[in-house]
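Worksheet for the structure shown next.
The values are calculated or read from the model by the stated rules, or taken from the named source; none is laboratory data. Quick caveat: nothing in here was measured; it's all calculated off a predicted structure. Positions of Cβ are generated from backbone atoms using ideal geometry, with glycine treated the same way; all protein chains shown enter the neighbour counts. In case anyone asks, the SASA skips ligands and DNA or RNA and just uses the protein heavy atoms, side chains included. Shrake-Rupley method; radii C 1.70, N 1.55, O 1.52, S 1.80 Å.
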Amino acid sequence: MDTKEDDGWLYTISSKRKLIDFNFAEIWRYRDLLFLFVKRDVVTVYKQTILGPLWYLIQPLFTALTFTLIFNKVANIETGTVPPFLFNLAGVSIWNYFNTCLTSTSDTFTSNASIFGKVYFPRIIMPLSIIISNLMKFGIQLFIFIAFYIYYYLNGADIHVGSSILVFPVIVVLMGLLGLGIGMLISSMVTKYRDLKFLVGFGVQLLMYVSAVMYPLALMREKLPKIAWVVEYNPVAYIIETARYMLLGTGTFSWFGIWYTVVVTLVILMLGIVVFNRTEKTFIDTV
């Protein structure tokens with residue numbers, strides 16, 4: 001969209017775009033629409049439900065409780081001095097943000113085809129609104145985690161927060177951008193290969209088990225050293241392990257893991273933007 005005031009036109013919409021086009025100025029002009037989509041995502045999801053936004057709290061609590069019973073009580077996975085429920089609640093809350101960002105973004109083109117076919121706006125606004133709205137949901141779940149953290153701390157649990165907590169917002173941003181990049185890639189491919197839509201849910205469930213959500217990363221290295229590389233090369237596992245270290249003082253903190261995650265996230269994000277921009281030109285013919 002270029003400004004053409006001399007010709008009497010304010011904007012010109014063209015399909016000719018750069019390979020990597022993330023026009024912040026155009027996104028800023030449509031910021032009201034972005035906030036409208038964010039409000040829609042937050043308000044309408046549970047609008048006609050009985051419990052409403054309480055589902056934001058119920059889901060991580062029940063998932064963390066289930067993990068505690070199965071993996072810690074039955075499978076005897078040790079979490080050190082950290083209470084197992086709090087250990088799992090931290091991992092589940094962080095994982096949920098990535099999970100919802102990825103799965104919601106991966107359906108961008110097909111679920112919004114009717115809107116995209118009627119009016120122009122920067123298509124990137126739609127996945128961005130998903131990332132921001134899910135960030136608000138993550139904030140609610142983080143508040144619940146803090147409440148349980150205070151409870152266990154007052155009851156003598158050996159947990160602590162160090163100075164590394166200052167980097168925690170960066171970890172959250174990395175998780176959101178990684179989910180955004182992967183989601184845009186999948187969304188672009190789903191327009192032609194509908195089978196991927198059915199594989200996303202299954203694939204995300206498998207990814208959770210190799211992302212150190214319910215076990216320490218060191219445990220995988222100790223028990224299954226031959227296949228531990230699958231988890232170690234998974235950037236999501238590094239994010240969850242680092243976040244737990246910042247929140248609970250357990251696990252390991254690796255600068256290599258942080259920089260590796262940053263590089264992988266940026267590569268996937270750039271690739272996702274390129275594929276997303278190319279797909280938005282012709283997706284309406286295949287959806």
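Under the definition of Cα pairs under 8 Å and six or more residues apart, what whole-number percent is the relative contact order of the range 24-285?
Details: 291 pairs, mean separation 67.9, N = 262.
Relative CO of the range 24-285 lands at 26 percent.
Residues in the range 251-262 carry Karplus couplings, in order, of x, 10, 10, 10, 5, 4, x, 5, 5, 4, 5, 4 Hz; the curve used is 6.51 cos²θ - 1.76 cosθ + 1.60 with θ = phi - 60°, and Gly or Pro positions show x.
Considering all C-alpha pairs of the range 178-228, those separated by over 13 Å amount to 67%. You can think of it this way: the chain between Arg29 and Val267 has 83.0 nm of extra reach, that is 0.36 nm per residue less the Cα-Cα gap. With the Kirkwood sum run over all distinct C-alpha pairs, the range 24-285 has a hydrodynamic radius of 19.4 Å.
Per-residue surface analysis assigns Val119 an accessible area of about 80 Å², computed on protein heavy atoms at 1.4 Å probe radius.
Hey, what's the per residue convex hull volume over the C-alpha atoms of the range 50-106, in cubic angstrom? Don't jump to the answer; show the numbers that get you there.
Values: hull volume 5.4 nm³, N = 57.
Given the Cα convex hull of the range 50-106, per-residue volume reads 94 Å³.
Using a probe radius of 1.4 angstrom, the carbon and sulfur fraction of the accessible surface of the range 24-285 is 70%.
Listed here are the pairs Lys73/Lys197; Lys192/Lys223; Lys73/Lys226; Lys192/Lys226; which of them are more than 31 Å apart at the Cα?
Numbers: Lys73/Lys197 35 Å; Lys192/Lys223 41 Å; Lys73/Lys226 26 Å; Lys192/Lys226 37 Å.
The pairs that break the limit, which is 31 Å between Cα atoms, are Lys73/Lys197; Lys192/Lys223; Lys192/Lys226.
When the dipole is taken about the Cα centre of the range 24-285, and only Lys, Arg (+1) and Asp, Glu (-1) are charged at their Cβ, what size is it in debye, to the nearest 20? Intermediate values should be presented prior to the final figure.
Working: 18 positive and 12 negative charges, 116 e Å.
My answer is approximately 560 debye.
Determine how many Å³ per residue the convex hull of the Cα atoms of the range 201-275 encloses. Please list the in-between numbers first.
Values: hull volume 8.3 nm³, N = 75.
Per-residue hull volume (Cα only) is 110 Å³.
Packing order of peptides 232-245, 213-226, highest average first: 232-245, 213-226 (average count of other Cβ atoms within 10 Å over each peptide's residues).
Using a 1.4 Å probe, what is the accessible area per residue for the range 144-287, in Å²?
Working: 7490 Å² over 144 residues.
Heavy-atom SASA per residue in the range 144-287 reads 52 Å².
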